[in-house]
Amino acid sequence: MDKRERARIFRTRLDDRMRANAVSRSALARACGVDRSTIAQLLSEDETRLPNAHLAAECALALGVSADWLLALTERSETAADLLATSFRLADAERTPADAQIDDWHREAVGYKIRHVPATLPDILKTDAVIDFEYAAFLEKTPEQAGYAVRDKAEWLRRPGSDYEICMSQELVESLARGEGYWRGLTKAARRDQIRYMAKSCRDKYPSLRVYLYDTKIVFSAPVTIFGPLLAVVYIGRYYMVFRETRQIRALTDHFDQLVRDSETDARSAADVIEAML
């Protein structure tokens, strides 16, 4: 970046943060241990020089921002400690797939594209029989409560501009068709209804909903949901790993997009492939 442009950004950001914090030039000068004229010089439109590292750090400390942000080295204004706290955290996950926290994140991301790799089947593609099957053993949430939560998620797809991409394991759907593994104990009729419902949803809701099937022998993904550019959430069982820093979200977005490219079945073909598993 040109030095004059960096100086202009420094001046603008310093002035904006002083106004936001109601800090006068005199108050900032006292906090930084310099003369008021020094602060006036920093804010002068004719000034093309940058402050030394010590003064930049003192200004940042006094205004509660990072020196890197003042110097246009980052777009995040938080201090290092605050940035660490806001960019990553662990959130408790209810011991159920239909988690109220996920609903809150969906509401926060209204108008943005959602990318989702489910742990089992996507909630919005489940029949009532599958919800009953999954939640029968849970004490924290009844199948009826889970059904309401799932239907709330489905409402998201009916909103104008909805854009939902799902990548799920083809082996998971095949095991559902055969009644193996996770799906052992679910009746054949319920499994067939679930497959038909998924195929119908893929057809009826396309292109707002796009489902891709990937081969886990070729690629792998942990359960993850990316809520537009706002946050990304990796599900590890008891907790969600929540990322809000731009580069972290972009990295997980790149991972998802590569998963789409590596999928054996694209969104246009998903309904036919799923239906064929009957």
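The values are calculated or read from the model by the stated rules, or taken from the named source; none is laboratory data. This one's a predicted model, so the numbers in the text were calculated from it and none came from an experiment. Positions of Cβ are generated from backbone atoms using ideal geometry, with glycine treated the same way; all protein chains shown enter the neighbour counts.
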Task: Flag for residue 12 being outside the structural domain of residue 244 (by TED's automatic domain parsing) and over 30 Å from residue 247 (Cβ atoms) - done: no
Open item on the list: Of everything in region 208-225, what is at pLDDT below 95 and charged (D, E, K, R)? Give them in sequence order.
Closed with: 217
Open item on the list: Name the residue that is farthest from residue 77 (Cα to Cα), counting only residues in region 1-41 that are outside any helix (DSSP H, G or I) and of a type in the set (A, V, I, L, M).
Closed with: 34
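Take the conditions touching a residue at least 24 places away in the same chain (Cβ under 8 Å) and loosely packed, with under 14 Cβ neighbours inside 10 Å and apply them to residue 238. Does it pass?
yes
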Open item on the list: For region 178-230, which positions are surrounded by fewer than 17 Cβ atoms within 10 Å (Cβ to Cβ), of a type in the set (D, E, K, R) and out of contact with any strand residue (DSSP E or B) (no Cβ under 9 Å at 6 or more places or on another chain)?
Closed with: 178, 180, 184, 188, 192, 193, 196, 200, 203, 204, 217
- [ ] Read through the list (1) over 26 Å from residue 163 (Cβ atoms); (2) at pLDDT 90 or above; (3) within 18 Å of the chain's Cα centre (by Cα), then give the number of the only condition that residue 133 fails.
- [x] (3)
